[in-house]
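Below is one structure, written out as C-alpha cells; comments come after it.
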Amino acid sequence: MKRSDFLYHVLMSTCHRSAGGSKKNLPSAMAAKAWVTRAMCLPLMICAALLGGSLNSSVMAQAVSAAPALGANLPRLGDAGGEDLSPLAEQRLGEMAMREVRRDPDYLDDPEVNDWLGQFGQRLVGSVPGGVMGQDFEFFAIRDRSLNAFALPGGFIGVHTGLLLTVANESELASVLGHEIGHVTQRHIARTIAQQRQAAPMAIAALALAVLAARSSPNAAMGMGSLGGTLVQSKMLSFSRDAEREADRVGFETLRNAGFDPSASAMFFTRLQQATRAYDSPAAPAYLRSHPLTSERIADMQSRSFGFAPLALANAPSFFMVRARARALQDPSVDGLRGSATFFERALEDRSMPELAAWYGLALVAATQRNFAAVPKFLSNARAVAPGGTHPWLDRLEVDARVDSGDAAGAATLARAARVRYPDIRAIAYAEARALLVADQPQQAVERLSDATARWPGDPHLWEQLSRAYGALGQRALAHRAAGEAAIVRRSWQSAFEQFRLAQRAGDADFISASMIDARFRMVEAEALRERAEMGRQMR
C-alpha cells in the first residue's frame, strides 16, 4: 500500500470514529487522499522542530513551498495572541499524537521504565531556567535500537531504548533530555506553526506517522515529504537552526542547574561523532542525523562548559537497573533474548555493570523465556548484592513469575508483603492486582485497586484491572464506570461515553455510585460532542 493510501485510511478511520460513524461530513476518497498528501508537509515541518531538524534543506524547502496550498482549506487552531498556537491547542495536539504513538507496537508500556524516566525527567524539569510556566511533561520509552529522543506538542518526550543503552552515564542522558525539554519550554512547535500562519488538528495522523517513521529512520520521514519542487531559501530552515541553538542553551543551563556534569553534552556528541566518523551517513545514529551537529555546535557546547570543572558523579543503582530492563525488553524475540542473556553473563565476568543489574537482567530474560526454574536462583543472587537485600523490581518480577508458573495464590502472598515494603511503587500495584485476579480473589483485587486508582488516577491499566475485578463480582455498573475512567485517561471520549452510558443502564449501582456515574457521563458527553463538532468543522 502506498504511504499516502495508508495515511488516508488512518485519516478516514479517525474521522469516522470521531463523527460517531457518520460519513456525511467526510470528503470523497479522491479529495481525502489529495488532502493527506498535502497535509504531510505540515507535520514534517513540525517534526523539524520536534526532532531538531531531521529534514534536509531540500525536503524542508519542498515542504514550505507546498504549504500555502493548505491555507485555503484548513482553518487555524485557536490561539491566545493572534500569532501563536495556544497552549491548550498545543496540548490537545500532543494528546492526539500520543493516541497514535500508544497504538504503535514499539511503544514500551512498562511501569518500571516509564516511572524511572518520569522521575529522572522531572528532576530536569524542576531545574529549567525560569521555570516551566505550568507546563506538564510525560516521559515514555520506545522499543527501538536506534539512538534517538523526540518531543511532541504538549510536553510528551519519547526516549528510545537504544539511547538508554548508549549513554555512558546519567549526565549524558540528562543532556539529551534537557535539549528536548528546551524545545518544549521554548514552544518551538507552536512558533513553527505560527510562522506558517496555518495549522490543522486533522494533520495529527500524518504528524504521528511522520514521528514514528523518523524515530528510526529520518530518511523515511524525508520520503514522506518528497513531493517534488526546487530548492529555495526559507525562514523555516533558519528558524530550525535558531531553535536548535536555543534548545542547546536551555538544555545546558538545565543540566547544570540539576547538578549533572556540564561537560556531558559536548562529550556525548563528540564521542558519537568520532565513533561514526561521518555522522550524516545512513549508518549514523538517528539522533545525530535528526539533530545535525556541526563542529560549530559542538564547539559552542564546549565553550558553554568552559570554566566548569567536569564532575565525577556516581551513577545511581537505578540507572543500571533501568538499562538492564531496557536491554531485556528491547528485543523479545528468541534470538534477542539469547543475546541479552549472553550480554549479562559477560557483564558478570568482566564487571562492566553492577552485579545487581546483571543478575536482574538474567532473571528477567529467564522469566520471559518461561524458564521459571532459573528465575529464583538469579533473583537470589541479585538480592545477595542489593542494598538492604531487596529491590522493588525484584519483588515485582518474582510475583509475575509465580503467576506465570501457575502459583497465583503464592504470588498474591508475596505481593502483599511487597506492597507493605513499597507502598509507592506502581509496578507492585500492577503485580498484586494481577495475582489476585488470577487467584480468583476479585474482592481483594477491588480493595487494592481502589486504593491504587486513588493514588495513580492517570493510569489506564489500573482502571482496566479494576473493571475486570468488578466484572468478576458481577457489579456491572461499576465495571463499566472503571472502563470509562480508563477511556477518559486515554482521551478516548467516544469510548468513555459508551461505557458510562452502559453504566447508567446497568441498574445495579447504589445511589452514591449512580450519582457519580451520572456526573461523569455529563462531562464525557460534553467532551465527546466538542470533539465531534471540532472534527466536523475541520472536515467542512
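Just so it is clear, none of the values below were taken in a lab; they were calculated from the coordinates. In this text, all values refer to a predicted model and were calculated from it rather than measured experimentally. Cβ atoms come from the backbone with ideal geometry, glycine included; neighbour counts cover every protein chain shown.
Observations, loosely collected:
- Environment charge at S340 (Cβ cut-off 9 Å; Lys +1, Arg +1, Asp -1, Glu -1): +1
- When each of T185, T453, T161 is scored by the number of other beta-carbon atoms lying within 10 Å, the sequence from fewest to most is T453, T185, T161.
- Computing Rg and the Kirkwood Rh from the Cα coordinates of region 441-540 gives a ratio, Rg/Rh, of 1.03.
- Region 396-478: C-alpha gyration tensor shape, a/c 1.5 cut-off, then a/b vs b/c: oblate
- One decimal place: the segment E349-R103 gains 84.6 nm when fully extended, by the rule 0.36 nm per residue minus the C-alpha distance.
- Under 5 Å from the amide H of I142 lie the amide H atoms of L108, V159, H160, T161, each residue being 5 or more positions distant or on a separate chain, with H modelled from the backbone and absent for Pro and chain starts.
- HN-Hα J in Hz across region 317-331 - Karplus 6.51, -1.76, 1.60, θ = phi - 60°, x for Gly and Pro: x, 5, 4, 6, 5, 5, 5, 5, 5, 4, 5, 5, 8, 4, 9
- In a fully extended conformation the segment linking A472 and D451 would gain 5.7 nm over its present Cα-Cα distance, using 0.36 nm per residue.
- Once both labels are positioned 7 Å from their Cα atoms along Cα-to-Cβ, the gap between M516 and D136 label points is 2.0 nm.
- Arranged from fewest to most other beta-carbon atoms within 10 Å of their beta carbon, V420, V322, V184, V385 become V420, V385, V322, V184.
- The distance between label points at R245 and L529 comes to 5.1 nm (points 7 Å beyond Cα on the Cα→Cβ vector).
- The residues neighbouring S467, those whose beta-carbon lies less than 12 Å from its own, together hold a net charge of +1 under the Lys/Arg +1, Asp/Glu -1 convention.
- FRET E, pair A316, R505, Förster distance 41 Å, beta-carbon r, rounded to 0.05: 0.20
- Cα centroid separation, region 101-131 to region 483-499 (Å): 23 Å
- Ranked by how many other Cβ atoms sit within 10 Å of their own Cβ, fewest first, the residues Y360, Y422 fall in the order Y422, Y360.
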